[in-house]
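Input: a single structure, listed below in structure tokens.
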Amino acid sequence: MSTIDAPHRAKADRPAASPAAGQPLYADRVKVYPKRVFGRVRSVKWAVLVACLALYYVLPWLRWDRGPGVPDQAVLVDIAHARLFFFWVELWPQEIYFLAGALILGAFALFAVSSLFGRLWCGFTCPQTVWTDLFMWVERWIQGDRNARMKLDQGPRDANWWTRKALTHGVWLLIAAATGGAWVMYFNDAPSVTHAILTGRASLEVYFFFALFAGFTYLLAGWAREQVCTYMCPWPRFQAAMLDENSLVVTYRDWRGEPRGKPRDAATGDCVDCFACVHVCPTGIDIRDGQQLECIGCGLCVDACDSVMGKLGRPKGLIAFETLRNLSASAAATAAMPPGEARFKAGMAARHLPRFIRPRTMMYAGALAVVSLVMLGAFLLRSTLDVTVIRDRAPLFVRLSDGGIRNAYTVKIVNKTREEAPLALVLQAPEGFRMVVQDVPDDAEGRPLLSRRADGIAQYRVLVTVPGGQRVADSTPVTFRLLDATGRAVASTSSTFAGPRP
Amino acid sequence: MPTKIEKDALTGTDTTGHEWDGVKELNNPLPKWWLYTFYACIAFAVVWMVIYPSIPGWKGTSGWVAREAVVAEVAAAQARNAPMMARLREATPAQIQADPELRAFAQAGGRVAFANNCAGCHGAGGQGALGGFPSLADDDWIWGGSLEAIQHTIRHGVRANESDDQRQSIMPRFGADGLLTRAQVDDVAEHVLSLANRATDPAAAARGAVIYAENCVACHGDRGEGNREVGAPRLSDQVWLYGASKRDIVAMINNPRAGVMPAWQGRLDPAMVNMLTVYVHSLGGGE
């Protein structure tokens, strides 16, 4: 943001906020009363809001048939059975890196989008924004628009005030409860946990997380609102590192709007100082002060200004999604010009198409592509059958009556499928090594047949013996392989055979 | 005591009176949320102290006792396992081994019971220890390695002064009681070594063979194959309870040692004995 050249007038007029100037370091929150707004951006925001909320509330109710004895919930984190179900995917705890990979993907996608289009995430899809928007809609529906709400708050605490406030908070709490309830559903079977919560039979954990998420939804969307973005969230801080002068950000075209004044005054710019942009702002800032941390990039001021410009018969886009590079180009082209049609045309003509292809965006796109490919590869090559071997360490080896040496192993077959067909275990070791698996039958060729557990781990005790008289090193590498019915090796693992020190 | 409390000109707040190299501290009030959280913690602590046994001598209004909580948890765990334990009590070890569900339970429970009761002498993995603690993981058994034999040994013990069912064997003190001379003991030891093809003095071994035939055959057998009926160890193999050297063998003939294993019947639940039987059998030596 090197070329930022936005007007700092309003801010510069204020006294600097420092103790030296006699100002306290603490400022009370000034309550924001955002005004209702209509327009293209608002419509998009409504659509995104409905889509996000629908996704969040409906997803746990989707069913996905996985056969008997397995949860039929499409998206479920089954903590008790240590499984993560996502439609056709079923992850075990040791595959949690897929989740980490998805988060890394999300992060890079966020970086890429931010460097191209600014704070789209903050302004449109962040849960804080979505739920705050929903809560404001409820507020407006019950208490009226900006002026009515301000009047209500300044007026007496009468029956009207109490009714409207109680109603607002009641609806908020209902939404919050639905939000907390939906969260719990991602970790429990949705229909049964809903029934359990409503009938008071859910577990303490369920009620705790239900209350936790419901409580924080109510607190953050109802009370904290823009303070979450301004004071609590780290993202606005380091987001500045992703944005540059080529990113699309919500900006006030000061070269066109200044100086502000009456609509009929020929010496003034297009900004009529109507404060429509300030009144609709959910964080209560003035976009005309230039780029600022508090701006979440929701673009509602764009709609507000456009409707005013439309009424005045002036071209729209005094506030717009614009790059800072274009902003300074326009400003430079119109620096010496008086307000009017000519200045507007010259300013607009100085603009260029946003440069979407730049080293920064390419790097983000590259990282995104690499991570996607790695993730995809890891997912496609993910093994659904593993064999692990743990060698007994106490005793390291057993000396038999004929002087032979025996090692014991615990073999585990990790089966992530519902396949149950038994597998033959074969030992790949030097001549003379004999293997016995306890408590299993042999197949036609005399190999021990190990049955699998569907979606589970089967455990076997395996004894490997070297007869007396055969010399054996203190450590001999051995390999265990699992063969399917066709004799193909489906999994293998290596271990060692321990003997006495020579 | 801070004495120089003054009003800060810029903020209008009192100072605390503390001063470090000219730096003074403002006496700003604590943030309200912090202060009230602190008060809430104090109130919580007071309530806690009243309800729970917080001070020596004070039992608390709730009557909660840590020990009772543990006892209740143990009882709950036992109640949970009760049906399984009942089945394990009724079944024979062979039946347990044939049933995958029972076997898995017995293996898991047996491992814990073994660690609690047996590992002290027989080792964590049943490897035994030199000096009279037999390995349970090898294929050499003094009293038998079948499920029934193992169960019997666990129940009744070895030389445990328990009952007539106990494992009982006594080897005469050939040297100490003067049954054999020192030279004879030496010759017999040489013969015993020869049973496993380890003799170094064929003449002595031949002399020892005669003495062995007269004194030892009854229990240890013609070729030192041992006799599980009387708990006579096999002498022709490579597993030695009290050491394999000639010196160790001579010491055993002179003044035999006889280890003792307690009888676990009565100490352990029969189901536990069955679980131990199946677990020991799986260590590697089961017959």
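The values are calculated or read from the model by the stated rules, or taken from the named source; none is laboratory data. Note that the coordinates shown come from a computational prediction; the quantities given were computed from them, not determined experimentally. Glycine gets a Cβ as well: all are built from the backbone with ideal geometry, and neighbour counts include every protein chain shown. Surface accessibility is based on the protein's heavy atoms, side chains included, excluding ligands, DNA and RNA. Shrake-Rupley method; radii C 1.70, N 1.55, O 1.52, S 1.80 Å.
Dipole size of segment B:1-143 about its Cα centre, with +1 on Lys/Arg Cβ and -1 on Asp/Glu Cβ: approximately 500 debye, rounded to the nearest 20.
Rounded to the nearest 20 debye, the dipole size of chain A about its Cα centre is 1200 debye, using +1 on the Cβ of Lys and Arg and -1 on the Cβ of Asp and Glu. Counting only Cβ charges, +1 for Lys and Arg and -1 for Asp and Glu, the dipole size of segment B:206-287 around its Cα centre is about 300 debye. Translational diffusion coefficient of segment A:357-502 (Stokes-Einstein, Kirkwood radius from Cα pairs, 25 °C, 0.890 mPa s): 139 µm²/s. Within the set of other residues whose C-beta is less than 13 Å from the C-beta of A:Q73, count the net charge using Lys and Arg as +1 and Asp and Glu as -1. So the surrounding residues net to -2. Counting only protein heavy atoms and using a 1.4 Å probe, the accessible area of A:M375 comes to about 40 Å². Phi angles across segment A:232-241 convert, under the Karplus curve 6.51 cos²θ - 1.76 cosθ + 1.60 with θ = phi - 60°, into 3J(HN,Hα) values of 8, 7, x, 4, x, 5, 8, 5, 4, 6 Hz, Gly and Pro given as x. A compact globular protein would have a Cα radius of gyration near 2.2 N^0.38 Å; the ratio found for segment A:248-349 is 1.00. Close amide H partners of A:T323, meaning residues 5 or more places away or on another chain with modelled amide H under 5 Å apart, are A:V249.
Could you work out the mean projected area of the convex hull around the alpha carbons of chain B, in square nanometres to one decimal?
On the way: hull surface 126.8 nm².
Reported value for the Cα convex hull: 31.7 nm².
Computed with a 1.4 angstrom probe on protein heavy atoms, the B-A interface buries about 1300 square angstrom of accessible area in total. Computed 3J(HN,Hα) for segment A:195-206, one whole-Hz value per residue from the Karplus formula 6.51 cos²θ - 1.76 cosθ + 1.60 where θ = phi - 60°, is 4, 5, 5, 5, 9, x, 10, 6, 6, 4, 4, 4, glycine and proline marked x. The modelled label-to-label distance between A:V58 and B:R80, using points 7 Å beyond Cα along the C-beta direction, is 4.1 nm.
Here the simple spin-label model places points 7 Å from the Cα toward Cβ, and for A:M150 and A:R36 these points are separated by 1.7 nm. What would the Debye equation give as log₁₀ I(q)/I(0) for the protein assembly as shown at q = 0.10, 0.11 Å⁻¹, counting only Cα atoms as equal point scatterers? Once normalised to I(0) and log-transformed, intensities are -1.17, -1.29.
How much net charge surrounds A:T334 when only other residues with a Cβ under 11 Å from its Cβ are counted (Lys, Arg +1; Asp, Glu -1)?
On the way: positive: A:R253, A:R256, A:R343, A:K345; negative: A:D254, A:E258.
Residues near A:T334 contribute +2 overall.
A simple rule links phi to the HN-Hα coupling: the Karplus curve 6.51 cos²θ - 1.76 cosθ + 1.60 with θ = phi - 60°, which for segment A:318-332 gives 5, 10, 7, 6, 9, 8, 5, 5, 5, 4, 6, 5, 4, 4, 5 Hz, with x for Gly and Pro.
Would you list which aspartates and glutamates come within 13 Å of B:K24, measuring only between C-alpha atoms, while excluding same-chain residues fewer than 8 positions from it? The reachable aspartates and glutamates, counting only those whose Cα sits under 13 Å from B:K24, are B:E6, B:D8, B:D14. A straight chain from A:M363 to A:L204 at 0.36 nm per residue would run longer than the Cα-Cα distance by 52.5 nm.
Shown are B:E162, B:E148, A:E322, whose ranking by accessible area with a 1.4 Å probe and every protein chain present, most to least, is B:E148, B:E162, A:E322.
Our summary gives chain A a relative contact order of 14 percent, counting only alpha carbon pairs under 8 angstrom and 6 or more residues apart.
Count charges around A:S247 for me, please; just the other residues with Cβ under 12 Å from its Cβ, Lys/Arg as +1, Asp/Glu as -1. Numbers along the way, then the final one.
Numbers: positive: A:R119, A:R325, A:R355, A:R358, A:R360; negative: A:D244, A:E245, A:E322.
Once positives and negatives cancel, what remains is +2.
State which entries of A:K45/A:K316; B:K4/B:K32; A:K165/B:K7; A:K151/B:K7 exceed 31 angstrom in Cα-Cα distance in the structure shown. Kindly include the intermediate steps, with their values, before the conclusion.
Details: A:K45/A:K316 19 Å; B:K4/B:K32 26 Å; A:K165/B:K7 43 Å; A:K151/B:K7 40 Å.
Long pairs (Cα-Cα over 31 Å): A:K165/B:K7; A:K151/B:K7.
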